[in-house]
Amino acid sequence: MRLELDEARRLTGPNLLWDHPGGILDVFIEGIDKIKVVNEWQKWVATLQTQFGWQQQTTFRLHSEGANLALSAPMDALYCACDLAELAWHCCVAELKGEAVPNWQLRLNELHEELAQEVNPALILIMEAAQKNKVSCITDDDDISLGMGKTSQTWPIDELPALQDIQWHTYQDIPRALITGTNGKSTSVRLASHIAKAAGFVAGVTSTDFIRVGDDIIDNGDYSGPGGARMLLRDSRTEIAFLEVARGGILRRGIPIDSVDAALITNVASDHLGQYGINTVEELAETKFVVAKGLDQQGILVLNADNELVIAQGLKLDKSICWYSTDESNVLIQSQISCGGAAVFIRNHHIIYVSGYKEENIASLEQVPMTLNGAAQHNVQNALGVVGLSKALKLPTQAIRIGLMDFGSNAEDNPGRGNIYEINGIKVLVDFAHNEHSMRAVVKTINQLPAKRKIAMFSHAGDRSDDEIRSLTAAVAELDASLYIVTELERYLRGRQIGDVPQIVGDYLYRQSISSEKICYAADPLKGAKIAMDFAQPGDVVLLFVLADREQVHQYLVGQ
């Protein structure tokens, strides 16, 4: 029998389990009925709460390896909720194993002292008053803010203003949207901000690469969680916000804000399974759709009608939806058109937007550089999704058109995503794709480009399973390249030894009857890029999957 606590953490926004803040436990359960364990945990939570003087709710989610167990709590008692939920778990495990139950009375006394230090009644009063006055309120461990952008005002949580002194009418929101999906998130937030800039807005962006306001990058790094959203919405320069929301952030904390004008889900495909109890692509799809909980009453959900997992989840919801597809005959597109709903699709190589029985020709694919004249189908879909999102935010058609036409496949506009270089008659495409869905999309693009020969450089992170590494390599092998350069990723070994991943890749390529003369190895992506360019000749196409050393590779290529 395995009863193991993996992690306890705070939920600060609407999440996969429910809409409440609180504490959540990730637990492994084997060799015993999961419901029996959950019932025992809930029994102990009830016992402890009675003694503690709390009346919070519980919920749970079962998965193949165990369960997620949640206990609701006020925003000023989340740490205490985690501790109480964890204490109930330890008592539950002891009882199920027939062991001595921990001295929970002593621990509850300690929690009373900890709660006294944590609670902040003035904070809760302001949050409740903000909700009553329909003013956005953003909180974290250190600060509370009211309003967004230029009207935003922030106070330390231990220096709060008197409730009667707050001028509620001075605080306003800014247009804001959540963007998620397995692939295309970063490209979508960047393109959307480009369109917003064309409309005259100072656009703010959070992403897995950086946080940016206008043309100023505030910081590089992964800002796809609540922390990045808070920083951006509190920045007085931000006039419209595009918030990339990754799977990890949704599962760790919940969505960053619970009221947005629009949300975009680009696609769902297998990636990072096996974390936080998400073990299937269907469960991953449910996770991505948590962003729909953040829509306000008039909010619009923009969904990919070419992705079966997105369709399955989208059809369950009672939301205003804008569907998009590369195929005008798609059943969902035709349904939207017939009922006067919103849709974006391709007709005769043009992007068409329809809403309320009115139709607009946005642009031809030849005018949208990121699509490579339609060859980059994944970027055609990204463009369609962002058109739907821009329309949901009521951005002008002309700005959408200008933004699409002006957004390039280069390292300045969209670093690491489909960047094209023309070097001495050689076409080079650099991409950050790192899962099977995205890698196949990029390979499909390359296979549609004219090329004398094709050359591929790639690598995989060490936390992929052997089978995943082989599947990713199979995606690259569809290129039928004249040379495959396999690089080491020393920064991303993640438990493996140097040489382990290249060995798996090389063995797989050999078994696909790819001769050893077509396979070589490099110590890192920069060295791999140099090998590729030394081998390439005019008329060749070089594909560089750069997961590390991206800036170094960019500088090397522009110097050629």
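The values are calculated or read from the model by the stated rules, or taken from the named source; none is laboratory data. Worth saying up front: this structure is predicted, and the values here are computed from it rather than measured. Neighbour counts run over all protein chains shown; Cβ positions are idealised from the backbone, glycine included.
Please find, within the stretch 438-455, the residue that is nearest to Arg190 (Cα to Cα) out of those that are buried (at least 20 other Cβ atoms within 10 Å of the Cβ) and not small (Gly, Ala, Ser).
So, considering only residues that are buried (at least 20 other Cβ atoms within 10 Å of the Cβ) and not small (Gly, Ala, Ser), the one nearest to Arg190 (Cα to Cα) is Val442.
Could you please tell me which pairs satisfy a Cβ distance under 9 Å, a separation of 6+ or placement on different chains, a first residue in the stretch 287-314 that is more than 16 Å from Ser335 (Cβ to Cβ) and not assigned by TED's automatic domain parsing to the domain that holds Trp18, and a second residue that is polar (S, T, N, Q) and part of a helix (DSSP H, G or I)?
Lys288/Gln313; Phe289/Gln313; Ala292/Gln313; Asn307/Gln381
Determine which member of the set Ile469, Ile504 is crowded, with 18+ Cβ neighbours inside 10 Å and either in contact with a Ser or Thr (Cβ under 9 Å, 6 or more places away or on another chain) or in the same structural domain as Val380 (by TED's automatic domain parsing) (or both).
After ruling out the rest, the residue left standing is Ile504.
Counting just the residues of the stretch 159-195 that are among the polar types (S, T, N, Q) and not in a loop (DSSP other than H, G, I, E, B), which one comes out nearest to Asp222 (Cα to Cα)?
Filtering first and then ranking leaves Ser186.
Which condition number in (1) farther than 23 Å from Pro369 by Cα; (2) modelled with pLDDT under 90 is the one that Asp466 fails?
Result: Asp466 fails condition (2) only.
Would you pick out the residues in the stretch 152-204 that are among the polar types (S, T, N, Q) and surrounded by 18 or more Cβ atoms within 10 Å (Cβ to Cβ)?
The answer is Ser152, Thr180, Thr182, Asn183, Ser186, Thr187, Ser188, Ser193.
Which of the residues belonging to the stretch 499-556 are under 19 Å from Arg464 (Cβ atoms) and of a type in the set (S, T, N, Q)?
Gln503, Gln512
For (1) farther than 30 Å from Gln153 by Cα; (2) exposed (fewer than 13 other Cβ atoms within 10 Å of the Cβ); (3) acidic (Asp, Glu), each residue gets a yes or a no:
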| residue | (1), (2), (3) |
| --- | --- |
| Lys36 | yes, yes, no |
| Gln42 | yes, no, no |
| His63 | yes, no, no |
| Ala67 | yes, no, no |
| Glu86 | yes, no, yes |
| Cys92 | yes, no, no |
| Glu110 | yes, yes, yes |
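Would you check which residues across the stretch 191-219 are at pLDDT below 95 and within 16 Å of the chain's Cα centre (by Cα) and list them?
Ser207, Thr208, Asp209, Phe210 - these are the residues of the stretch 191-219 that are at pLDDT below 95 and within 16 Å of the chain's Cα centre (by Cα).
Taking into account only those residues within the stretch 394-436 that are assigned to a helix (DSSP H, G or I) and either surrounded by fewer than 22 Cβ atoms within 10 Å (Cβ to Cβ) or of a type in the set (S, T, N, Q) (or both), which is modelled with the lowest pLDDT?
Per the stated criteria, the residue is Glu436.
Does any residue in the stretch 220-239 that is over 19 Å from Ile255 (Cα atoms) come within less than 6 Å, Cβ to Cβ, of a residue that is assigned to a loop (DSSP other than H, G, I, E, B) six or more places away or on a different chain, and which pairs are these?
Filtered contacts from the stretch 220-239: Arg237/Val202; Glu239/Ile174; Glu239/Phe201; Glu239/Val202.
Given (1) over 22 Å from Gly403 (Cα atoms); (2) more than 13 Å from the chain's Cα centre (by Cα), identify the lone condition not met by Thr182.
(2)
Within the stretch 22-48, track down each residue that is over 22 Å from Glu283 (Cβ atoms) and either in a strand (DSSP E or B) or in contact with a Ser or Thr (Cβ under 9 Å, 6 or more places away or on another chain) (or both).
Listed by number, the residues that qualify are Gln42, Val45, Ala46.
Quick grid of which residues meet (1) out of contact with any strand residue (DSSP E or B) (no Cβ under 8 Å at 6 or more places or on another chain); (2) under 22 Å from Gln131 (Cα atoms):
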position	(1), (2)
Asp219	no, no
Asp222	yes, no
Arg252	no, no
Asp261	no, yes
Glu283	no, no
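Only one of (1) touching a helix residue (DSSP H, G or I) at 6+ places or on another chain (Cβ under 9 Å); (2) of a type in the set (D, E, K, R); (3) closer than 30 Å to Val202 by Cα is not met by Lys394, so which one is it?
The one condition Lys394 does not meet is (1).
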